[in-house]
């Protein structure tokens, strides 16, 4: 099952790209952004749990959250690890507990983010 609009993309949808990118690095906003990311994970888990209940034949989820552009990542690996990875790990941990495969769709030049994808619990990119 494809799931559009992951954590960073949801932040962009609320704030536009520039403000969302700034919110990730602004120390005054960091606690609020971390809280939003975890709240999104709670919401996503509720949605996925319902999907699994009604469609148990779903064997995996492909979750979409672009992290990069043509030449580089949108944010540093350190920011990703601190702010987004814990929220993602909550979701992948839930899905793995249900025996589901977790695929991460993320476009762009993201070689530097691969360790974060592993830490977040993704089975594939």
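When restricted to residues that are farther than 20 Å from residue 123 by Cα, at pLDDT 95 or above and either touching a helix residue (DSSP H, G or I) at 6+ places or on another chain (Cβ under 6 Å) or surrounded by 18 or more Cβ atoms within 10 Å (Cβ to Cβ) (or both), the range 26-67 contains 6.
So that you can scan it fast, the table gives a plain yes or no per residue for (1) under 12 Å from residue 84 (Cβ atoms); (2) over 14 Å from the mean Cα position of the chain (by Cα); (3) outside any helix (DSSP H, G or I):
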{"residue": "21", "(1), (2), (3)": "no, yes, no"}
{"residue": "39", "(1), (2), (3)": "no, no, no"}
{"residue": "42", "(1), (2), (3)": "no, no, no"}
{"residue": "51", "(1), (2), (3)": "no, yes, no"}
{"residue": "62", "(1), (2), (3)": "no, no, yes"}
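In summary, residue 70 fulfils each of the numbered conditions (1) at pLDDT 95 or above; (2) assigned to a loop (DSSP other than H, G, I, E, B) with the single exception of condition (1).
Of all residues in the range 95-113 being in contact with a helix residue (DSSP H, G or I) (Cβ under 9 Å, 6 or more places away or on another chain) and assigned to a helix (DSSP H, G or I), which is nearest to residue 60 (Cα to Cα)? Among those that are in contact with a helix residue (DSSP H, G or I) (Cβ under 9 Å, 6 or more places away or on another chain) and assigned to a helix (DSSP H, G or I), it is 95. Scanning the range 73-88 finds no residues that are in contact (Cβ under 8 Å) with a residue 24 or more places away in the chain, in contact with a strand residue (DSSP E or B) (Cβ under 7 Å, 6 or more places away or on another chain) and not in a loop (DSSP other than H, G, I, E, B). Taking residue 109, is it at pLDDT below 95, surrounded by 13 or more Cβ atoms within 10 Å (Cβ to Cβ) and farther than 18 Å from residue 10 by Cβ? In short, yes.
The values are calculated or read from the model by the stated rules, or taken from the named source; none is laboratory data. Computed from a prediction, not measured in an experiment: that's the story for all the values here. As a convention, Cβ positions derive from the backbone with ideal geometry for all residues, glycine included, and neighbour counts pool all protein chains shown.
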